[in-house]
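The values are calculated or read from the model by the stated rules, or taken from the named source; none is laboratory data. Because the structure is predicted, anything quoted here is derived from the model rather than measured. Ideal geometry is used to build each Cβ from the backbone, glycine not excepted, and the neighbour counts take in all protein chains shown.
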Amino acid sequence: MSKIIVDPITRIEGHLKIEVTTENGVVKDAHSSGMMFRGIELILKGRDPRDAQRYVQRICGVCPTSHSIAATLNLDSAFGLADKIPDNGRIIRNLILGAAHIADHILHFYHLAALDYVDVTKVAGYNGNDPALNSVKEFIKRGELAPFVPRYEGDYRLSDQINIEATAHYVKALEMRRKGQEMLTIFGGKMPHNMAVVPGGVTSTVTVDKIASFLWRLNELRDFIDSVYIPDVLAVAEVYSDYFEIGVGCGNLLSYGLWDLEGGNPDYTNRKRLVKQGTISTDLKLGALDPNKIMEYVKHSWYADSSTGKHPSHGITEPQYGKKGAYSWSKAPRYDGKVYEVGPLAGMAVTYASGEPTVKNLIDSVLSRFKASPKALFSVLGRHAARALITKYVADSMPGWLLQLKPSEPAYIDYEIPNEAMGMGLVDGARGALGHWIEIKDKKIANYQCVVPSTWNLCPRDDKGQPGPVEQALIGTKIKDENNPFELGRIVRSFDPCLACAIHVITPKGRTLGIYKVG
Amino acid sequence: MEYTKSAKTVCHSEGAKRPKTRPERSGGTRDPSLLLRVTSEGSPRITVLGIGNLLLKDEGVGVHLVQKLASIVSDANVNIIDAGTYPDFLSLVDDSTDKLIIIDAVKTGDKPGTIYRFSFDDVDLDSAPPISLHDIGVSHSLKMMALLNRQLKSTVVIGIEPKTIDFGLELSPEVEGKLSEIVKLVLQEIEETNRAMEVNK
């Protein structure tokens, strides 16, 4: 029996440690440890409830937009506004969240995950005129391989030509991400940490030139998604098709849904959304979403045992670092007592099983190409494919939303903060189910809790000892070479883990910066 | 993020063929696009980028500072950006930027509130362990800009030694007490850039 520790897992957001034990080359056990403590709940207590939307965005530099939407839905519900948001406000929120998802999924595939499959070093043999590829070639020549390393060696299967093309797309994707961010700022005001999404609607106005400016960027992104992103995911799937059977995981998926298509229904769990709410398991049976079934457990997390088994609306954040038997800063959320995976795969699988025709066509066309059954979606490649397809699904829906905007009409409704209220905001962020809960007393925040997607996916064991989704996805995996456990990186990164809120201090090593002291 | 001061000077934007010096005031070698822009506007484009997490006390000092600067600086040629903890923050910088001023917490173990001023050429970005996009934001962002052949002409980092990095919104008194001094320093930086780079006026 031997032990492999990957700490930190690179090319993800934030700090994650994965520890697996292997026997005869097979993973027998796995432990996933979120190494960063998130203390936002402690900061918000006693503040004006409207502050929540501003501060929670700062939890994360990568998914601030999803947090701004979840917080705002949460405040809308607490303020009694959930069914009163003007259509312009609802649609602009959808456009802002759509732009964020597109940029984020492109970032994940090209800049975090693709390097597990694409061998960038092949660009050394490139002999063409593409300035970007020649820049990469120069980097390689000088031995400057970051940001393409570190990586595990031994299993790069794409042809030289595809490796080179994919590298050119890596560079192109940098530009596309930027386009997505620009698109977001048209209505969001700024990126990161948009200023537009507020309780009651949005602060931005609708103008014809904003719509036009959004549309031409969107068209360029749609072109990239159709002619580059999706073909690249399929090209990877073609030669790594064994990854349709690797990293299966817990077999249960949970989606809060996203992109509200109606505003009159105050219930987030069953209002009409582009990507639907619900649960689904490997038998493809759908379940309705019931947020009362969510509980968080802390037996194996660095929090006081007295806070275990709570619904997030009554959640307690009481850190107790070094607690015996604990190995993570992440709590273990469970739905109906069972382990659930979240992410684009969950949303797309739920929408697929509900029979939505566009999504059904998209997924069936991929599955038939690989002669695979829907069960194959529960895998490393299933997650990548679902992420690419959700990107296309929303990007193709957005032009229609732009046409529904009405330039002369309001995007915001005024409100009063109640003395006492409870609220809940549910939405799928780029990495999956994101829930915010608030309790207001004397017009101030009495309690605020977030259950974020990576808490679901990367959580440790619960009080019953059930391993989390990533832990389950790792257990049983065959490792070809324990010195290069590329299988582990591929499985973990397929979940798009984000444990951000990273500390951003510059810490120069080696010689002191004392000579640059100016004050 | 971490970077290392090394004995050798490393310039990561070489791949982008960035001009070592500002084009001469006269003469035929000036980049024509630059000439057009400068003559039409007269002033260099300056971007001030504040980096940090506002929720982690002194760690967020860069963001505190740009928020303060935004209410003071109204020059049309100065763009002030609150980059928060956005991992790829250099993608937020406009292509036409002539001078980039980054404000961030810098931890060397010196007295809290110590102020540093250095350029990327003074630190070795490559020897930092690539932990995540967050941790290597600066070096990766620079490389990615180079891959896109985007030219970053001049960059300076104004760093502040933090005291407390922990959940909370307020700055420590040691850092708080230095804010106006740092603001003055940035204003001076803007002033000098204006003077050094202004052409055709």
(message) For the stretch B:92-109: of the residues being within 10 Å of chain A (Cβ to nearest Cβ) and modelled with pLDDT of 85 or more, which is farthest from residue B:45 (Cα to Cα)?
(response) B:105
(request) Test each condition in (1) closer than 30 Å to residue A:416 by Cβ; (2) within 14 Å of chain B (Cβ to nearest Cβ); (3) aromatic (Phe, Trp, Tyr) for residue A:170 and report the one that comes out false. (result) (1)
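Residue by residue, here is whether (1) acidic (Asp, Glu); (2) assigned to a loop (DSSP other than H, G, I, E, B); (3) within 30 Å of residue A:238 (Cα to Cα) holds:
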position	(1), (2), (3)
A:139	no, no, yes
A:175	yes, no, yes
A:181	no, no, no
A:187	no, no, no
A:192	no, yes, no
(request) Filter the stretch B:71-91 down to residues that are within 11 Å of chain A (Cβ to nearest Cβ) and over 12 Å from the mean Cα position of the chain (by Cα), then give me how many there are. (result) 6
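Here are A:278, A:251, A:264: which of them is at pLDDT below 95 and small (Gly, Ala, Ser)?
Details: A:278 fails: at pLDDT below 95; A:251 fails: at pLDDT below 95.
Matching residue, one of A:278, A:251, A:264: A:264.
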(message) Can you find a residue that is touching a residue at least 60 places away in the same chain (Cβ under 8 Å), part of a loop (DSSP other than H, G, I, E, B) and closer than 23 Å to residue A:63 by Cα anywhere in the stretch A:203-220?
(response) yes
(request) Could you please find all residues in the stretch A:189-202 being in contact with a strand residue (DSSP E or B) (Cβ under 9 Å, 6 or more places away or on another chain) and more than 13 Å from chain B (Cβ to nearest Cβ)? (result) A:196, A:198, A:200, A:201, A:202
(message) I'd like the full set of residues that are surrounded by fewer than 18 Cβ atoms within 10 Å (Cβ to Cβ) and over 20 Å from residue A:200 (Cβ atoms), limited to the stretch A:252-274.
(response) A:269, A:270, A:272
(request) May I ask you to list the residues in the stretch A:230-258 that are assigned to a helix (DSSP H, G or I) and in contact with a Ser or Thr (Cβ under 7 Å, 6 or more places away or on another chain)? (result) A:243, A:244
(request) Within the stretch A:414-461, track down each residue that is out of contact with any His (no Cβ under 6 Å at 6 or more places or on another chain) and in a loop (DSSP other than H, G, I, E, B). (result) A:414, A:415, A:416, A:417, A:418, A:419, A:420, A:431, A:442, A:443, A:452, A:459
(request) For residue A:93, indicate whether it is among the basic types (Lys, Arg), closer than 21 Å to residue A:453 by Cβ, buried (at least 24 other Cβ atoms within 10 Å of the Cβ) and within 14 Å of another protein chain (Cβ to nearest Cβ). (result) no
(message) The conditions are (1) in contact with a Ser or Thr (Cβ under 8 Å, 6 or more places away or on another chain); (2) free of Cβ contacts under 8 Å to residues at least 60 places away in the same chain, and residue A:283 fails exactly one of them. Which is it?
(response) (1)
(message) Among (1) touching a Leu at 6+ places or on another chain (Cβ under 7 Å); (2) surrounded by fewer than 23 Cβ atoms within 10 Å (Cβ to Cβ); (3) under 29 Å from residue A:445 (Cα atoms), there is one condition residue A:86 misses while meeting the rest; what is its number?
(response) (1)
(message) Out of the residues in the stretch A:475-519 meeting the condition of being more than 23 Å from residue B:165 (Cα to Cα), in contact with a helix residue (DSSP H, G or I) (Cβ under 8 Å, 6 or more places away or on another chain) and within 14 Å of chain B (Cβ to nearest Cβ), tell me which one is modelled with the lowest pLDDT.
(response) A:497
(message) Checking the structure you have, find out if any residue of the stretch A:165-182 is more than 26 Å from the chain's Cα centre (by Cα) and not small (Gly, Ala, Ser).
(response) yes
(request) Please state which one of B:187, B:179 is within 12 Å of chain A (Cβ to nearest Cβ), more than 25 Å from residue A:111 (Cα to Cα), surrounded by fewer than 21 Cβ atoms within 10 Å (Cβ to Cβ) and modelled with pLDDT of 85 or more. (result) B:179
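Take the conditions surrounded by 15 or more Cβ atoms within 10 Å (Cβ to Cβ), outside any loop (DSSP other than H, G, I, E, B), in contact with an Asp or Glu (Cβ under 9 Å, 6 or more places away or on another chain) and not acidic (Asp, Glu) and apply them to residue A:470. Does it pass? Write out each step before concluding.
Details: surrounded by 15 or more Cβ atoms within 10 Å (Cβ to Cβ): yes; outside any loop (DSSP other than H, G, I, E, B): yes; in contact with an Asp or Glu (Cβ under 9 Å, 6 or more places away or on another chain): yes; not acidic (Asp, Glu): yes.
So residue A:470 fits the description; yes.
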(message) As an exercise: evaluate residue A:317 against (1) crowded, with 19+ Cβ neighbours inside 10 Å; (2) touching a residue at least 40 places away in the same chain (Cβ under 8 Å); (3) closer than 27 Å to residue A:248 by Cβ; (4) touching an Asp or Glu at 6+ places or on another chain (Cβ under 9 Å) and give the number of the one condition it does not meet.
(response) (3)
(request) From (1) out of contact with any Lys or Arg (no Cβ under 9 Å at 6 or more places or on another chain); (2) part of a helix (DSSP H, G or I); (3) modelled with pLDDT of 70 or more, pick out the condition that doesn't hold for residue B:145. (result) (3)
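Given the criteria touching a helix residue (DSSP H, G or I) at 6+ places or on another chain (Cβ under 7 Å), of a type in the set (A, V, I, L, M) and within 30 Å of residue A:216 (Cβ to Cβ), does residue A:158 qualify? Steps first, please.
Values: touching a helix residue (DSSP H, G or I) at 6+ places or on another chain (Cβ under 7 Å): yes; of a type in the set (A, V, I, L, M): yes; within 30 Å of residue A:216 (Cβ to Cβ): no.
Considered against the rule, which asks whether it is touching a helix residue (DSSP H, G or I) at 6+ places or on another chain (Cβ under 7 Å), of a type in the set (A, V, I, L, M) and within 30 Å of residue A:216 (Cβ to Cβ), residue A:158 comes out as no.
This table checks each residue for (1) closer than 30 Å to residue A:491 by Cβ; (2) modelled with pLDDT under 90.
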| site | (1), (2) |
| --- | --- |
| A:117 | yes, no |
| A:128 | no, no |
| A:150 | yes, yes |
| A:154 | yes, yes |
| A:162 | yes, no |
| A:203 | no, no |
| A:212 | no, no |
(message) If residue A:406 meets every condition in (1) within 21 Å of the chain's Cα centre (by Cα); (2) part of a loop (DSSP other than H, G, I, E, B) apart from one, which number is that one?
(response) (1)
(message) So, in the stretch A:423-442, exactly how many residues are more than 17 Å from residue A:293 (Cβ to Cβ) and aliphatic (A, V, I, L, M)?
(response) 4
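Condition first: touching a residue at least 12 places away in the same chain (Cβ under 8 Å) and farther than 21 Å from residue A:226 by Cα. Can you find one or more residues in the stretch A:352-369 that meet it?
Our first condition is that a residue be touching a residue at least 12 places away in the same chain (Cβ under 8 Å); within the stretch A:352-369, this holds for A:352-354, A:356, A:358-359, A:362-363, A:366, A:369.
Now narrow it down to the ones that are farther than 21 Å from residue A:226 by Cα: A:353-354.
Looking through the stretch A:352-369, at least one residue is touching a residue at least 12 places away in the same chain (Cβ under 8 Å) and farther than 21 Å from residue A:226 by Cα.
If I filter the stretch A:175-185 for residues that are over 30 Å from residue A:74 (Cα atoms), within 14 Å of another protein chain (Cβ to nearest Cβ), buried (at least 22 other Cβ atoms within 10 Å of the Cβ) and in contact with a Leu (Cβ under 9 Å, 6 or more places away or on another chain), do I get at least one hit?
Step one: of the stretch A:175-185, the residues over 30 Å from residue A:74 (Cα atoms) are A:175-176.
Keeping just the survivors that are within 14 Å of another protein chain (Cβ to nearest Cβ) gives A:175-176.
Checking which are buried (at least 22 other Cβ atoms within 10 Å of the Cβ) leaves us with A:176.
Restricting the remaining residues to those that are in contact with a Leu (Cβ under 9 Å, 6 or more places away or on another chain) gives A:176.
Checked against the condition, which is being over 30 Å from residue A:74 (Cα atoms), within 14 Å of another protein chain (Cβ to nearest Cβ), buried (at least 22 other Cβ atoms within 10 Å of the Cβ) and in contact with a Leu (Cβ under 9 Å, 6 or more places away or on another chain), the stretch A:175-185 yields at least one hit.
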(request) Output yes when any residue across the stretch A:479-488 is over 27 Å from residue A:117 (Cβ atoms) and within 21 Å of the chain's Cα centre (by Cα), and no when none is. (result) no
